[in-house]
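Undergrad: Pasting a structure here, questions to come.
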Amino acid sequence: MSRSLVLALAMTLSGAVASAQAPTTPQAAAVPGAEEGAQLFASTCGFCHQGGGRAPGRGPTLAGTERSDEFILNRIKVGKEGAMPGYGRAFSDQQLKALIAYIRSLKAEGK
Ligand code: HEC
């Protein structure tokens, strides 16, 4: 067996394990970046987006959102006057991506 075939096989297997675990892992770490996003979310956003984004609070439920990545990115960066602060300067692009990955992982959990 060629080296690359072994690698591809190993990656397929670890992918299968990750997705098999997803339903029982609360933070859905199977989505890349979601774990870091979960921590950022808990410390910065959870105050208004309750239940880790799974329930409404001062802000709406985010789990299962049908908004585009672009919309979400813009909302986090710019915020909304009188409703939500903007975080464009507080977070790096990578952190913003992690937050989006986290929000998407809420959907992946099937709530
Ligand atoms: C001070 C309370 C507050 C904080 C803190 C906050 N939000 Fe919000 N958020 C809101 C409110 C209120 C809305 C609804 C704004 C509107 O009317 O569009 C909202 C809307 C959103 C939306 C758009 C939802 C939709 O479908 O319209 C996203 C995405 C979002 N917030 C993500 C975040 C993230 C990520 C953080 C942390 C970086 C965060 N929010 C922190 C209050 C907050």
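Undergrad: Give me the pairs: first residue in segment 80-93 and at pLDDT 95 or above, second residue within 8 Å of the ligand (Cβ to nearest atom) and among the aliphatic types (A, V, I, L, M), beta-carbon distance under 6 Å, and six or more apart or on different chains, which are they?
TA: What qualifies is Y87/I76.
Undergrad: Pick from segment 36-55 the residues that are without any contact (Cβ under 8 Å) to a residue 24 or more places away in the chain and assigned to a helix (DSSP H, G or I): which of them is surrounded by the most Cβ atoms within 10 Å (Cβ to Cβ)? Steps first, answer last, please.
TA: Filtering segment 36-55 for residues without any contact (Cβ under 8 Å) to a residue 24 or more places away in the chain gives 39, 42-43, 46-47, 49-51, 55.
Filter once more, so that each one left must be assigned to a helix (DSSP H, G or I): 39, 42-43, 50-51.
Numbers: Q39: 12, A42: 14, S43: 9, Q50: 16, G51: 14.
Of everything passing the filter in segment 36-55, Q50 is surrounded by the most Cβ atoms within 10 Å (Cβ to Cβ).
Undergrad: Now, a different point. Can you work out which of the residues in segment 21-60 that are aliphatic (A, V, I, L, M) and more than 12 Å from the ligand (Cβ to nearest atom) is modelled with the highest pLDDT?
TA: Checking each candidate, the answer is A55.
The values are calculated or read from the model by the stated rules, or taken from the named source; none is laboratory data. This structure is a prediction, so every number in the text was calculated from the model and none was measured. Virtual Cβ from ideal backbone geometry, glycine too; neighbours counted across all protein chains shown.
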